[in-house]
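The values are calculated or read from the model by the stated rules, or taken from the named source; none is laboratory data. None of these values were measured; they are calculated from a predicted model. Cβ atoms come from the backbone with ideal geometry, glycine included; neighbour counts cover every protein chain shown. SASA here: full protein model, heavy atoms, side chains in, ligands and nucleic acids out. Shrake-Rupley method; radii C 1.70, N 1.55, O 1.52, S 1.80 Å.
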Amino acid sequence: MTVRESTMQWHSQIYSPYACGDGQLTQRDRPLEPCPLRTDFQRDRDRILHSKSFRRMKHKTQCFLAPEGDHFRTRLTHTLEVAQIARTAARALRLNEDLTEAIALGHDLGHTPFGHMGERILDQLCPEGFHHAEQSLRVVERLENDGQGLNLTLAVRDGIREHTSKGRPRTLEGAIVSLSDRIAYVNHDIDDAMRAGVLREEELPRPLLDILGHSHGARIDTMITDLYENSRDRGEIRMSERVYTAMMDLRAFLFAQVYTRHEVTVQEEKADFLLRSLFSYYEAHPEEMPEEYRACAAREGVRRAVCDYVAGMTDNYAVRRFEELFIPVHIGSV
Ligand code: MG
């Protein structure tokens, strides 16, 4: 018996009846020889972690554009926090932790530079619209690995595509990631907003803190524990009405008080101009894109390829390209 087979055997003994088993929804676009050591979902997790788009998330905005400090979240650290929260819930509920982790690590691979503002702009410029969850799926199916895709299992691809609040994942592991994403960003965006000086502790709505907790750690703990207690021995992932409503009210508070503040939106206007300029430039000069995107332009049209190229840029790379293309330099310095 291989290590993989014995892992699958003991998983089947400890998993809840609601878990996605190691042999379920493992279809791939191209068949693969089984790995002697790892299950299919462990393998998917590793493929995501070793991908270029995973590494690029370290230089993509999570909430605040161009933060100066080293302690602000990036898309990568957000992803790791989601994975940690989701794994805790999955293990407590005896669901498939490897599948949960793979979905969590892949869920935001398609995010644009400059956070949700980048997503809104590409949605206007891309012929068929743009949504980061769809783009994450496109990254793992068609863009990564020089256009070959990562050839992931159906369960992981489904969880990635369906991870937003409107999604309907086929597995409870996917549903855990969807809720963990919200738990992570509601909490870390408060922490980052206070670090940036755009929110003070005493401005947070008191009645919500009385329900959720008065510190970052206490709030995460309340939410995960509530998720666990309300999903235990059920075929669904849910939180209690009281805690879920408080969490979403806190999210609404952040939208009203933080994301729309002048200090935040003034940076977004600059990023808006920068991304539109890059998009127009590469639409007119598709031959200047890297080879993988030129191939995509030949296959699926220039606008689609430019959309993929711009969406894949990190904040830093987009700024560098903008400087090179649009900012004059002294002739002696080049
Ligand atoms: Mg996310």
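Things worth noting here:
- Between the residues T100, H330, H216, the greatest Cα displacement towards the positive end of the dipole of the chain, with unit charges on the Cβ of Lys, Arg, Asp and Glu, is found for T100.
- Volume per residue of the convex hull around the Cα atoms, evaluated for region 134-222, comes out as 134 Å³.
- The chain: Cys lacking any partner C-beta under 4.7 angstrom: C20, C35, C63, C296
- Selection from T2, A305, H285, by position along the positive dipole direction of the chain (Cβ): T2
- Evaluating kT/(6 pi eta Rh) at 37 °C and 0.692 mPa s, with the Kirkwood radius of region 269-334 over Cα pairs in the Stokes-Einstein relation, gives 263 µm² s⁻¹.
- Computed over the chain with a Gaussian network model linking Cα atoms closer than 10 Å, the most mobile of D189, D158, D221 is D221.
- Legend: translational diffusion of region 178-316 by Stokes-Einstein, Rh = Kirkwood radius over C-alpha pairs, 37 °C, 0.692 mPa s; D = 181 µm²/s.
- Note on the chain: GNM, Cα springs under 10 Å; of D108, D192, D249, the largest mean-square fluctuation is that of D249.
- For region 273-334: relative contact order, % (alpha-carbon pairs under 8 angstrom, 6 or more apart): 35 percent
- Solvent-accessible area of V264 with every protein chain in place, 1.4 Å probe, in Å² to the nearest 10: 10 Å²
- Overall dimensions of region 50-194 as given by Cα atoms, namely Rg and Dmax in Å: 14.7, 43
- Those lysines that a straight Cα-Cα span of less than 19 Å connects to K60, excepting residues fewer than 8 apart in one chain: K52, K270
- Paired Rg and Dmax values of the chain, which use every Cα atom, in angstrom: 21.1, 70
- The relative contact order of the chain comes to 19 percent, based on Cα pairs under 8 Å that sit 6 or more residues apart.
- Sequence-distant contacts, meaning Cα pairs under 8 Å at least 6 residues apart, place the relative contact order of region 217-334 at 15 percent.
- Applying both filters, DSSP loop and at most 13 other Cβ atoms within 10 Å, to the chymotrypsin sites (Phe, Trp or Tyr not before Pro) of region 291-334 eliminates every site.
- Over region 1-77 - Rg/Rh using Cα atoms and the Kirkwood inverse-distance radius: 1.15
- When you filter the GluC sites (Glu not before Pro) in region 193-269 for DSSP loop state and at most 14 other Cβ atoms inside 10 Å of their Cβ, you are left with E236.
- Separation of region 258-334 from region 109-138 is 13 Å, based on Cα centroids.
- For region 92-168, trypsin sites (Lys or Arg not before Pro) meeting the loop criterion (DSSP other than H, G, I, E, B) and having at most 13 other Cβ atoms within 10 Å: K166.
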